[in-house]
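Visitor: Dumping the structure here so I can ask a few things about it.
The values are calculated or read from the model by the stated rules, or taken from the named source; none is laboratory data. Here the structure is a predicted model, which means the values were calculated and not measured. Cβ sites come from the backbone with ideal geometry, for glycine too, and all protein chains shown count toward neighbours.
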Amino acid sequence: MQLKTKNSKHLFLIIALLSFAFADNEFIIESFKALPNDMAGSVYARKDGNNEFCGLIKVKTGIREELAFDSGLKFSPSEKKKPGEYWVYVSPGEGRLTLFAESFVPKHFQISTVKIESKRTYELVVRAKEEEKIPVSILSEPSDAEKMLDGISLGTGDNFQVIPGNYLLTVRKQGYKDYTRQIQVDKDNALFKDIVLNRIEPLEIQISSNPPGADIFIDDIQYGQTNMGLYLYEGNYDLKLILSGHIGVTEKIKISEKSENRFFYSLVRNTGVLKFNFSPADVKILVNKINFTGRNELSLGPGTYMIEISKPGYYDKSEVVELKRGETKTVSLELEQKTGRLQVSISPLKANCILKKDGKEILKWAGMQDIKDLLIGEYELSCYLNEHITENRKIVVEENTVSSNIISLKKEKPTTYTDNNVSDEKITRINQYGVEEIYVYGGTFRMGDIWGDGEDDEKAIYRATISDYYISKYEITQRLYKKIMNENPSYFIGEKYPVEQVTWHDAIMFCNTLSEIVGLQKVYTISGTNVTADFTKNGFRLPTEAEWEYAARSRGSEDQKWSGTDNINLLTNYAWYDSNSGNKTHPVGTKQPNDLGIYDMSGNVWEWCWDYSWNYPSIAEKNPRGPSTGFQRITRGGSWDYIEFHCRTANRSYHFPSRSRKNLGFRIVRNGE
């Protein structure tokens, strides 16, 4: 394939950019679509800088100026295949393609409507802004023949917009002889008629090979497999035969009435055999960066191959082998385990512990334990004792390090709402006002996008330690808000619906007012829009962002990507979001709760938190509360009008504290013992 050199591409782009100030024409994108039956993207596949196969865009245009393209690849991504058609390579995924031409404004085309896939073919139709064109009619028999000017297709209609000038007119249709003549297009010459194409008949051809079963490509279109017969019109064609493990055939063939049109090819085998003898047996296998996990042997063409094997908890190994045609070679590799050390200190000492990995029990003991040479990775540690709350932890054992864990089991807490700071009388008042609470025991968890598919502001995973606290079982309802604040700002009206269209300041004022009514200490000091918090007070307040995520994930569990589940197919059982909400809020508590019994922490309405927006720290913190100053406050949980991605427990959003929206409410917390 002949491509422009890197230097010539850059020179063209520089010229195009320098002429930007004099540009008087624009690119117009007519259409962009996938071509599922066009195999050119696979047959002529190329790799990008990440060693991934590109997608191929066939750019079709009637623009006479030479076009150049920039798709972000290090090599020149484009080739002019014929008049009016360019081939452009782009990396898989969503991307951007920039079009350049002399006297044209550069066009940045964002590829997002169709996701680019490796080895797939796409079509982009582009034209110039139609300022100088005149209407032209080209009438032919048959009427649906393709009309072309100077080799550029106008389509199969009758009426077109054409820039005045001299052209070579070609009218063609498969099964007919081409019609060709020179024409001049202007206002006085805009009708071309009496064009009659003479019919021709397709010819029978046969394409065979030994061995049979090779894929047949004629002009990059797949027709089937050898041995087969088919019909083609007289002419010249590009033939390709592809059969795995054999040298491919590429040649031009001529179909003529004067020949038998039978084509036979003896395919030459082009493989050797690599056999694998690996320990452990269930390793990941890469051969020249291509995944062949689970294979014991491969038939490959002669050449040099990099064999890489890996498995979590082991050191990687690799070997370069040279394979010759007809050779059988065995590659033997053994991985060495990575190990760390786990120490567990526990109180009471008679407590029992179970260590599991991937759900399978590894070890069971009572009291303290020091485990040396433990395979690195993630483990589940469960510690339990009668009349105590079971402690479940995710343990990460790292290479050549000691994972030290101090566990103190707490006694089961009574289910009644009593603690050291709140009297029975005040608890009764709280319940009378409709604030049902869940007691959340504190602990340490990894906060942030532990699943690895979130947004940038979720990425700095860090360990946060949370103290005990109470959290409202439901989002604050319109009934409770109206009872306390004597107003209901909500858009969707209903006593059991979550209150919405409340600002952050409204939520802060609600907390102080409710605390005062039930006889608790007010947490917030409010002076205009300036709010400070005393977290030692026992009254109601907004949750910190860390408290919110800890409760949403059922005390920081790492299998709660959404509140209540790790399975996107089960999310509809736990949350109201855009796929099931009917574009509105719903009464609180009508979906299933998470493991702590808390409802609607994913979906229904976004929930205000105390923190200013901030980037996660790189070190562990106890009761993190965010920066002391800022502009926007954090909101969490997603809502009825957002997709499931935004309902994840790690997802973060933020708004100015004076902002109110019909998808934005809150829930409240207060300190535990």
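Visitor: Listed residues Ile362, Ile371; which is assigned to a strand (DSSP E or B), at pLDDT 90 or above and farther than 24 Å from Ala464 by Cα?
Guide: Checking each option against the conditions leaves just Ile371.
Visitor: Would you be able to tell me the number of residues in the stretch 212-238 that are in contact with a helix residue (DSSP H, G or I) (Cβ under 7 Å, 6 or more places away or on another chain) and free of Cβ contacts under 8 Å to residues at least 60 places away in the same chain?
Guide: 0
Visitor: Can you give me the number of residues within the stretch 362-386 that are over 19 Å from Lys311 (Cα atoms), acidic (Asp, Glu) and within 34 Å of the chain's Cα centre (by Cα)?
Guide: Going through the stretch 362-386 one residue at a time, the tally reaches 1.
Visitor: For the structure I just gave you, tell me whether Ile253 is under 35 Å from the mean Cα position of the chain (by Cα) and either among the polar types (S, T, N, Q) or at pLDDT 90 or above (or both). It would help to see each step written out before you state the result.
Guide: Numbers: under 35 Å from the mean Cα position of the chain (by Cα): no; either among the polar types (S, T, N, Q) or at pLDDT 90 or above (or both): yes.
Spelling it out, it is not the case that Ile253 is under 35 Å from the mean Cα position of the chain (by Cα) and either among the polar types (S, T, N, Q) or at pLDDT 90 or above (or both).
Visitor: Taking the stretch 484-515 as the region of interest, how many residues are in a helix (DSSP H, G or I) and touching a Gly at 6+ places or on another chain (Cβ under 9 Å)?
Guide: Summing the residues that are in a helix (DSSP H, G or I) and touching a Gly at 6+ places or on another chain (Cβ under 9 Å) in the stretch 484-515 gives 5.
Visitor: Exactly one condition in (1) modelled with pLDDT of 90 or more; (2) within 30 Å of Asn166 (Cα to Cα); (3) among the β-branched types (Val, Ile, Thr) is not met by Thr98; state its number.
Guide: Answer for Thr98: the failing condition is (2).
Visitor: Something else: Against the definition (in the same structural domain as Thr61 (by TED's automatic domain parsing) and of a type outside the set (Ser, Thr, Tyr)), how does Leu169 come out, yes or no?
Guide: The answer is no for Leu169.
Visitor: What about Trp608, is it crowded, with 24+ Cβ neighbours inside 10 Å, of a type in the set (Phe, Trp, Tyr) and assigned by TED's automatic domain parsing to the domain that holds Glu558? Reasoning before the result, please.
Guide: Numbers: crowded, with 24+ Cβ neighbours inside 10 Å: yes; of a type in the set (Phe, Trp, Tyr): yes; assigned by TED's automatic domain parsing to the domain that holds Glu558: yes.
When the stated conditions are applied, Trp608 passes them.
Visitor: Now for a separate question. Is one or more of the residues making up the stretch 375-398 over 26 Å from Ser554 (Cβ atoms) and surrounded by 15 or more Cβ atoms within 10 Å (Cβ to Cβ)?
Guide: Yes, the conditions are met somewhere in the stretch 375-398.
Visitor: Let me ask something else about it. Among the residues of the stretch 170-198, which ones are farther than 15 Å from Pro135 by Cα and part of a loop (DSSP other than H, G, I, E, B)?
Guide: Lys173, Gln174, Gly175, Lys177, Asp178, Leu197, Asn198
Visitor: Mind telling me which of the residues Trp576, Trp562, Trp614, Trp608 ends up being touching a His at 6+ places or on another chain (Cβ under 8 Å) and among the hydrophobic types (A, V, I, L, M, F, W, C)?
Guide: Trp576
Visitor: Let me ask another. Checking Thr271 against (1) within 35 Å of the chain's Cα centre (by Cα); (2) surrounded by 14 or more Cβ atoms within 10 Å (Cβ to Cβ), which single condition isn't satisfied?
Guide: If we test Thr271 against (1) within 35 Å of the chain's Cα centre (by Cα); (2) surrounded by 14 or more Cβ atoms within 10 Å (Cβ to Cβ), just (1) comes out false.
Visitor: Next question, about the same structure. Does the stretch 240-248 contain any residue that is at pLDDT 90 or above, of a type in the set (A, V, I, L, M) and not in a loop (DSSP other than H, G, I, E, B)?
Guide: Scanning the stretch 240-248, I find at least one residue that is at pLDDT 90 or above, of a type in the set (A, V, I, L, M) and not in a loop (DSSP other than H, G, I, E, B), so the answer is yes.
Visitor: Check whether at least one residue in the stretch 542-555 is touching a Ser or Thr at 6+ places or on another chain (Cβ under 8 Å), under 26 Å from Tyr612 (Cβ atoms) and not aliphatic (A, V, I, L, M), and report yes or no.
Guide: yes
Visitor: Continuing with this model, one more query. Any idea how many residues of the stretch 199-218 are modelled with pLDDT under 90 and part of a loop (DSSP other than H, G, I, E, B)?
Guide: 3
Visitor: For the stretch 550-566: of the residues being touching a residue at least 24 places away in the same chain (Cβ under 8 Å) and under 23 Å from the mean Cα position of the chain (by Cα), which is surrounded by the fewest Cβ atoms within 10 Å (Cβ to Cβ)?
Guide: Within the stretch 550-566, the match that is surrounded by the fewest Cβ atoms within 10 Å (Cβ to Cβ) is Glu558.
Visitor: If we keep just the residues of the stretch 221-236 that are surrounded by 16 or more Cβ atoms within 10 Å (Cβ to Cβ) and part of a strand (DSSP E or B), which is modelled with the lowest pLDDT?
Guide: Restricting to residues being surrounded by 16 or more Cβ atoms within 10 Å (Cβ to Cβ) and part of a strand (DSSP E or B), the top hit is Leu232.
Visitor: Next up: Given the structure, is Tyr550 under 20 Å from Tyr441 (Cα atoms) and touching a Pro at 6+ places or on another chain (Cβ under 6 Å)?
Guide: When the stated conditions are applied, Tyr550 does not pass them.
Visitor: I need the full set of residues from the stretch 310-329 which are loosely packed, with under 15 Cβ neighbours inside 10 Å and under 38 Å from the mean Cα position of the chain (by Cα), in order please.
Guide: Pro312, Tyr315, Asp316, Ser318, Glu319, Val320, Glu322
Visitor: Something else: Counting just the residues of the stretch 567-605 that are of a type in the set (D, E, K, R) and surrounded by fewer than 17 Cβ atoms within 10 Å (Cβ to Cβ), which one comes out farthest from Pro543 (Cα to Cα)?
Guide: Within the stretch 567-605, the match that is farthest from Pro543 (Cα to Cα) is Lys584.
Visitor: If Gly326 passes every condition in (1) outside the structural domain of Tyr384 (by TED's automatic domain parsing); (2) part of a strand (DSSP E or B) but one, which one does it miss?
Guide: Every listed condition holds for Gly326 apart from (2).
Visitor: Right, another one. Thr98: in contact with a Pro (Cβ under 7 Å, 6 or more places away or on another chain), surrounded by fewer than 21 Cβ atoms within 10 Å (Cβ to Cβ) and outside the structural domain of Leu169 (by TED's automatic domain parsing), yes or no?
Guide: Yes; evaluated as a whole, the condition is true for this residue.
Visitor: Against the definition (free of Cβ contacts under 8 Å to residues at least 12 places away in the same chain and out of contact with any strand residue (DSSP E or B) (no Cβ under 7 Å at 6 or more places or on another chain)), how does Gly294 come out, yes or no?
Guide: Considered against the rule, which asks whether it is free of Cβ contacts under 8 Å to residues at least 12 places away in the same chain and out of contact with any strand residue (DSSP E or B) (no Cβ under 7 Å at 6 or more places or on another chain), Gly294 comes out as yes.
Visitor: Suppose the filter is touching a Gly at 6+ places or on another chain (Cβ under 7 Å), surrounded by 15 or more Cβ atoms within 10 Å (Cβ to Cβ) and not hydrophobic (A, V, I, L, M, F, W, C); does Lys240 pass it?
Guide: Yes.
Visitor: Which residues, counting only those in the stretch 290-309, are crowded, with 16+ Cβ neighbours inside 10 Å and either under 30 Å from the mean Cα position of the chain (by Cα) or more than 25 Å from His246 (Cβ to Cβ) (or both)?
Guide: Hits for the stretch 290-309 are Phe292, Ile307, Glu308, Ile309.
Visitor: Right, next: Starting from the stretch 567-586, take each residue that is more than 15 Å from Arg648 (Cβ to Cβ) and part of a loop (DSSP other than H, G, I, E, B) and list its partners that are at pLDDT 95 or above and among the aliphatic types (A, V, I, L, M), counting only C-beta distances under 7 angstrom and pairs at least six apart or across chains.
Guide: Between residues of the stretch 567-586 that are more than 15 Å from Arg648 (Cβ to Cβ) and part of a loop (DSSP other than H, G, I, E, B) and residues that are at pLDDT 95 or above and among the aliphatic types (A, V, I, L, M), the close pairs are Thr585/Val605.
Visitor: Condition check: surrounded by fewer than 16 Cβ atoms within 10 Å (Cβ to Cβ), at negative phi and modelled with pLDDT of 90 or more. Does Lys410 satisfy that?
Guide: Here the answer is no, as Lys410 does not meet what is asked.
Visitor: Just wondering, is there one or more residues in the stretch 299-313 that are of a type in the set (S, T, N, Q) and part of a loop (DSSP other than H, G, I, E, B)?
Guide: Looking through the stretch 299-313, none of the residues is of a type in the set (S, T, N, Q) and part of a loop (DSSP other than H, G, I, E, B).
Visitor: Quick check: is even one residue across the stretch 526-538 buried (at least 24 other Cβ atoms within 10 Å of the Cβ), in contact with a strand residue (DSSP E or B) (Cβ under 7 Å, 6 or more places away or on another chain), assigned by TED's automatic domain parsing to the domain that holds Arg648 and assigned to a loop (DSSP other than H, G, I, E, B)?
Guide: no
Visitor: Would you check if Glu234 is of a type outside the set (Gly, Ala, Ser), out of contact with any Leu (no Cβ under 9 Å at 6 or more places or on another chain) and more than 30 Å from Gln161 (Cβ to Cβ)?
Guide: Answer is no for this residue.
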